[in-house]
1. Out of all the residues in segment 300-321, is one or more surrounded by 12 or more Cβ atoms within 10 Å (Cβ to Cβ), within 30 Å of residue 213 (Cα to Cα), in contact with a helix residue (DSSP H, G or I) (Cβ under 9 Å, 6 or more places away or on another chain) and of a type in the set (A, V, I, L, M, F, W, C)?
2. Anything in segment 49-76 that is surrounded by 18 or more Cβ atoms within 10 Å (Cβ to Cβ) and touching a Leu at 6+ places or on another chain (Cβ under 7 Å)? List them, or say none.
3. Looking only at segment 146-159, count every residue that is assigned to a helix (DSSP H, G or I), over 29 Å from the mean Cα position of the chain (by Cα) and crowded, with 17+ Cβ neighbours inside 10 Å and tell me the total.
4. Tell me whether segment 165-185 contains one or more residues that are without any contact (Cβ under 8 Å) to a residue 40 or more places away in the chain and in a loop (DSSP other than H, G, I, E, B).
5. Looking only at segment 50-96, which residues are touching a helix residue (DSSP H, G or I) at 6+ places or on another chain (Cβ under 8 Å), of a type in the set (D, E, K, R) and under 30 Å from residue 24 (Cβ atoms)?
6. Could you check how many residues of segment 192-250 are in a strand (DSSP E or B), of a type in the set (Ser, Thr, Tyr) and surrounded by 13 or more Cβ atoms within 10 Å (Cβ to Cβ)?
7. In a strand (DSSP E or B), over 21 Å from residue 238 (Cβ atoms) and small (Gly, Ala, Ser): does that describe residue 289?
8. Could you count how many residues in segment 6-38 are closer than 18 Å to residue 76 by Cβ and touching a residue at least 12 places away in the same chain (Cβ under 8 Å)?
Amino acid sequence: MEKALYSGNYNQALQDALRKLENNKDNERKQDFVVMLQTAYEKANERDLKNIKHLQKDANPEQYKTIYDLYLNLEARQNAVKPVVPLQLNGKTIVLEFPDYSDAIVSSRADVSEHFYTKGLQLLKSNFKDDLKDAYNTFHYIDQINPNYKNVRNLKQEAYHRGTDYVIVTIENQTRQIIPRRLEDDLLNFDTYGLSQFWTVYHANPDSDIDYDYAMALQLKQINISPERFHEKEFLREKEFVDGWKYKLDRAGNVMKDSLGKDIKIDKIVTARAGYIEYRQVKSTQVLAEVVYVDLKNNRTLDVFPIKSEFVFENHYAIYKGDKRALNQADFDLLRFKPLLFPSDIEMVYDTGEDLKLQLKQIINSYKIRN
C-alpha cells in the first residue's frame, strides 16, 4: 500500500487505507493506516486543486469538463473519508479539512454545459452521420450532468434521428413457388429479433417521412422439397425365458430321481418369437437464399450473404406380430408411436422459416453497415 502512496497513486492508497479502517479504526496497530489516509487525502486534494488553478488560468473551454471532473473528485473523496472520521493518531484527533465545493461544482457544471451545448449545436449543422452521432453523445452527456438543460433533450432526439442509419427491408421471392404469407410476416417482424444495434434501425414497412439510407433484401432463390418417403426395417426378435417347470426324464422317458428318491424338477424353457418392423417417415425441405445490402445513396451493392436453411420432418414408429414377450424395452418405447400425416409442402416451407429467421438475425446483428 505504501508503494501506491509513494508512487503518487494517492486515490489507490486512500482506498486501501479506508478498507483497513472500516473496523476497529482506533486500534493501535492501525496507526500506520491513519497516517496513510491523512497523507493520501491531503496530497490528492493538493494535486487536484493545483490542476484546477492551472486550468482556470489557462481559460481554455476545452478544459471545462476536466475542471468539473476534478471538483467531482474532490467531493467524492470527501464523501469516502467522512464515514471514518474522527480518527485518532497518538491519542489526538487528526484534523482533515472538508471544504464546501458545491458552488464550484455548480459553476463548473454550468460552464461545461454551455460549452458542450455550443459544441453540439455546431455538430448538428453537419449532415455527416459521424458528426451527428457525436452531437447525440454531446447532448446526452449534458443531459446526464445537467438534466433538462435548455432544449437538450429535443436536440438529442434530433441528433439521434438524423444520425441513425435507416434500412428498408424487403423479401423477394425468386423461386416461382408460393411462399406462405405467415412466413413472410414472421421474417419481417423485427420486434421478435432482439436487435441490439443502437444506430441502425430496420423497417419492414416504409415510413414516408424517412429518407432511407440502405436496403436489405432477403432474396429467396430456390426451394427444394423431397418426396414423402417411408423406410422400413424388419427384425426377428427371439428370447428364451422360464415358463414353469417339468420333470426331468431319462432316455427311456421315465422321471428321474435324486439321491433321496424324489422326482427331479427342472425349469421349463420357452422361446418367444416376434416379427418386429420399424418404420421411418421422412420429408425434407431446403431453402436457398441471399441477404443483399444496398447503399441507396450510391445505388451500390455493399455485401451479399448466402443462406441455406433446412427442415426435416421425421417420424419413427413400429408394429409387431407374434409373442410380445420377445421384445426389448426399446421396442416397446417405439411401439407407443403411430404413423402421422406428412406435412404439406406449404407447411414444410413455413417450418423451414424458423432456421431461416435465426440465420437472418445472426447476419443483421453481426453486420456493421459503417465500419
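Computed from the coordinates by the stated procedures, all read-outs in this text should not be read as laboratory data. The model shown is predicted, which means the values in this text are computed figures rather than measured ones. Cβ atoms come from the backbone with ideal geometry, glycine included; neighbour counts cover every protein chain shown.
1. yes
2. Answer for segment 49-76, where residues must be surrounded by 18 or more Cβ atoms within 10 Å (Cβ to Cβ) and touching a Leu at 6+ places or on another chain (Cβ under 7 Å): 52, 63, 67.
3. 2
4. Taking every residue of segment 165-185 in turn, at least one turns out to be without any contact (Cβ under 8 Å) to a residue 40 or more places away in the chain and in a loop (DSSP other than H, G, I, E, B).
5. Those that are touching a helix residue (DSSP H, G or I) at 6+ places or on another chain (Cβ under 8 Å), of a type in the set (D, E, K, R) and under 30 Å from residue 24 (Cβ atoms): 75, 77.
6. 3
7. On the way: in a strand (DSSP E or B): yes; over 21 Å from residue 238 (Cβ atoms): yes; small (Gly, Ala, Ser): yes.
Yes; evaluated as a whole, the condition is true for this residue.
8. Within segment 6-38, residues that are closer than 18 Å to residue 76 by Cβ and touching a residue at least 12 places away in the same chain (Cβ under 8 Å) number 12.
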